[in-house]
Amino acid sequence: NLSQTPVLRELLKEAKIPGATIKIESPELCMLCCFSFKQEPQLIKLDRPGPLTLAMHQLVTEMQETKNGVVTPKELFAQVCKKAIRFKGYQQQDSHELLRYLLDGMRAEE
């Protein structure tokens, strides 16, 4: 699901370039603009991406470019396990738990 989120794909592309500046315009903010006040887009200067963010970028890129349909998220899983040791050992975990640790881990690397 994350690989099919256009905003995330674009942010990951930009995050790969150290020192890049991204402009975030929220559709919800644009809708509010029509009714009340003009909300300016946020400009954020990015630092060098961390290993979890790079692994996520690599996985999303591979999913978009692969021709054989099979993609293994080994590197992303390894990086998640470094941030959240509870995922090591292949125990059954909830998908929302993994998503939370993945997104929190990427945000912590900002």
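Read-outs throughout are calculated quantities, based only on the coordinates presented, and are distinct from any laboratory measurement. This one's a predicted model, so the numbers in the text were calculated from it and none came from an experiment. Cβ sites come from the backbone with ideal geometry, for glycine too, and all protein chains shown count toward neighbours.
Here are the numbers:
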{"read-out": "Whichever lysines have a C-alpha closer than 19 Å to that of residue 45, once near sequence neighbours (fewer than 8 apart) are set aside", "value": "13, 16, 23"}
{"read-out": "Under Karplus coefficients 6.51, -1.76 and 1.60, residue-wise ³J(HN,Hα) of region 79-90 in Hz, glycine/proline x", "value": "5, 4, 4, 5, 7, 9, 4, 4, 8, 5, x, 6"}
{"read-out": "Highest to lowest packing among 50-56, 94-100, 80-86, scored as the average C-beta count within 10 Å", "value": "50-56, 80-86, 94-100"}
